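What follows is a single structure, written as structure tokens, with notes after it.
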Amino acid sequence: MRRRSFLKIAGLGVAAGAIPIARALGRASSTQAAPGAATGKRWAMVIDEQKCLTKQGCTACVQACNKFHNIPAIPDPRHEIKWIWKERHENVFKEAVTPYTPAEVKERPTVVLCNHCDNPPCVRVCPTQATFKRPDGIVMMDEHRCIGCRYCMTGCPYGARSFNFVDPRPYIHGEPVDYPTRTTGVVEKCTFCAERLGVGKRPLCVEACEGTGCGAIVFGDLGDPNSAVSAIVRSHQELVRRRPEIGTSPHVFYIL
Amino acid sequence: MYSLGKILVGLGVFAGLVSAPAWYGLASGSKGTPPELEKSKEGKDCIEPAAYMRAKHMELLDEWRDAVVRRAEHVYVASDGQHHDMSLTGTCLRCHSDPAKFCNKCHEYAGVDVFCWDCHQEKKRGL
């Protein structure tokens, strides 16, 4: 056999062998977004502190989030897990407090959560991309990839992240819901209810707040000029974001 | 060949040690039969053929995880064209209602740790 014909036959043989391999590798199944999934160019939230103040002591948003996301109630403050909670006004907006600010303003309970920044330091420092920014602006958390290094907690200027120092399951009161709990050694935080947006629902805190008749929390797509958040952002000149000077560009806006 | 005897004894000991698990298995009389798994109560087919699920369920679940958490895709289109919600608790447990009688049983037999249930709920509850 001449070298030329040998190479021809060998080449044909390899090509014939590759067909069944390519078939086996080529998958007939696929994944896709759910029908009716809420899609946005840039999700954002507006919290109206004045409206929130009309309902003294209300924690509907916090309760709804805690229940649905199986957030444990750990008494030791060093081990607390928080996604959305109320913080003293003077701790949230330090730059807005003067020596003459009245005590009742300083002590105002202000709703805080992850700010879903445009330029999130937590994402930048995460060594495993367990936390990442989605194209629609949500700063997402993939607990499967989290190695518990807590760089993100050091990076976050808003203290929006919690670490599971202990097994959270014994501290989840009431019947747990289907949402996965977390495990010792991972960091967690608010995800703007990404799992609900994915099936066309809105974040729980927003629905809970509307449910009380207050409507202090508005959520929507800033990329859609007709959305409620776009209208508020355009019409309110006194909108405030937390610590804008550090350049993270938070997408939770406050009306003080 | 100065130490043929010693070398042969050494090789014999080595072969014995390496094959010890096999001897142990034979001596303890376990036939190595796979465990009896609980059949689906709904009695219908799985989302993919059983042989595929047996061999590749871990790859499938890995893909589900990345699709839902990282790409915000919630629907799995199986090779037969059927649509399924990609949810361990919501979809898999609808038929295999008790992981202790299905997942864990086989994983114990195979000696592979399964830690899905450290976080994911073992019972479908709702909400």
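The values are calculated or read from the model by the stated rules, or taken from the named source; none is laboratory data. Computed from a prediction, not measured in an experiment: that's the story for all the values here. No Cβ is skipped: glycine too gets one built from the backbone with ideal geometry, and neighbour counts run over all protein chains shown. When the accessible area is computed, the model is the full protein with side chains, heavy atoms only, and any ligands, DNA or RNA have been set aside. Shrake-Rupley method; radii C 1.70, N 1.55, O 1.52, S 1.80 Å.
Go through the stretch B:38-73 and give me each residue that's more than 8 Å from chain A (Cβ to nearest Cβ) and basic (Lys, Arg). So that I can check it myself, show each step before the final result.
So the first thing to find is which residues in the stretch B:38-73 are more than 8 Å from chain A (Cβ to nearest Cβ), and the list is B:38-47, B:49-62, B:66.
The answer is B:39, B:41, B:44, B:54, B:56.
Within the stretch A:134-146, identify whether any single residue is surrounded by fewer than 21 Cβ atoms within 10 Å (Cβ to Cβ), farther than 26 Å from residue A:244 by Cα and under 14 Å from the mean Cα position of the chain (by Cα), and answer yes or no.
yes
When you scan the stretch B:41-49, do you find a residue that is modelled with pLDDT of 90 or more, open to solvent by less than 50 Å² (accessible area, probe 1.4 Å) and either in a helix (DSSP H, G or I) or not basic (Lys, Arg) (or both), even just one?
Looking for residues that are modelled with pLDDT of 90 or more, open to solvent by less than 50 Å² (accessible area, probe 1.4 Å) and either in a helix (DSSP H, G or I) or not basic (Lys, Arg) (or both), one finds at least one in the stretch B:41-49, hence yes.
Yes or no, residue by residue, for (1) among the polar types (S, T, N, Q); (2) outside the structural domain of residue A:250 (by TED's automatic domain parsing); (3) modelled with pLDDT under 95:
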{"site": "A:55", "(1), (2), (3)": "no, no, yes"}
{"site": "A:59", "(1), (2), (3)": "yes, no, no"}
{"site": "A:65", "(1), (2), (3)": "no, no, no"}
{"site": "A:69", "(1), (2), (3)": "no, no, no"}
{"site": "A:79", "(1), (2), (3)": "no, no, no"}
{"site": "A:84", "(1), (2), (3)": "no, no, no"}
{"site": "A:88", "(1), (2), (3)": "no, no, no"}
{"site": "A:111", "(1), (2), (3)": "no, no, no"}
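Could you run through the stretch A:207-223 and say how many residues are touching a residue at least 60 places away in the same chain (Cβ under 8 Å) and either open to solvent by 40 Å² or more (accessible area, probe 1.4 Å) or not in a strand (DSSP E or B) (or both)?
Filtering the stretch A:207-223 for residues touching a residue at least 60 places away in the same chain (Cβ under 8 Å) gives A:207-209, A:211-212, A:214-223.
Next, only the ones that are either open to solvent by 40 Å² or more (accessible area, probe 1.4 Å) or not in a strand (DSSP E or B) (or both) stay: A:207-209, A:211-212, A:214-216, A:222-223.
Counting residues in the stretch A:207-223 that are touching a residue at least 60 places away in the same chain (Cβ under 8 Å) and either open to solvent by 40 Å² or more (accessible area, probe 1.4 Å) or not in a strand (DSSP E or B) (or both) gives 10.
For residues that are in a loop (DSSP other than H, G, I, E, B), within 11 Å of chain B (Cβ to nearest Cβ) and open to solvent by less than 10 Å² (accessible area, probe 1.4 Å), tally how many sit in the stretch A:193-203.
Matching residues across the stretch A:193-203 total 1.
Just name the residue that is most open to solvent (accessible area, probe 1.4 Å) out of those in the stretch B:80-127 that are in contact (Cβ under 8 Å) with a residue 60 or more places away in the chain and under 22 Å from residue B:55 (Cβ atoms).
In the first step, residues of the stretch B:80-127 are kept if they are in contact (Cβ under 8 Å) with a residue 60 or more places away in the chain; the result is B:98, B:101-102, B:105-106, B:108-109.
Checking which are under 22 Å from residue B:55 (Cβ atoms) leaves us with B:101-102, B:105-106, B:108-109.
Details: B:101: 98, B:102: 59, B:105: 82, B:106: 55, B:108: 145, B:109: 115 Å².
Top of the filtered list is B:108.
Does the stretch A:145-155 contain at least one residue that is assigned to a loop (DSSP other than H, G, I, E, B), over 22 Å from residue A:248 (Cα atoms) and more than 14 Å from chain B (Cβ to nearest Cβ)?
yes
Mind telling me which of the residues A:206, A:177, A:186 ends up being within 10 Å of another protein chain (Cβ to nearest Cβ) and within 26 Å of residue A:117 (Cβ to Cβ)?
After applying the criteria, what remains is A:186.
What's the number of the only condition in (1) open to solvent by less than 50 Å² (accessible area, probe 1.4 Å); (2) of a type in the set (Ser, Thr, Tyr); (3) more than 8 Å from every other protein chain (Cβ to nearest Cβ) that residue B:76 fails to meet?
(3)
Is it true that some residue in the stretch A:183-191 is farther than 24 Å from residue B:87 by Cα, touching a residue at least 24 places away in the same chain (Cβ under 8 Å) and part of a strand (DSSP E or B)? Before you say what the answer is, go through the steps one by one.
Residues of the stretch A:183-191 farther than 24 Å from residue B:87 by Cα: none.
Scanning the stretch A:183-191, I find no residue that is farther than 24 Å from residue B:87 by Cα, touching a residue at least 24 places away in the same chain (Cβ under 8 Å) and part of a strand (DSSP E or B), so the answer is no.
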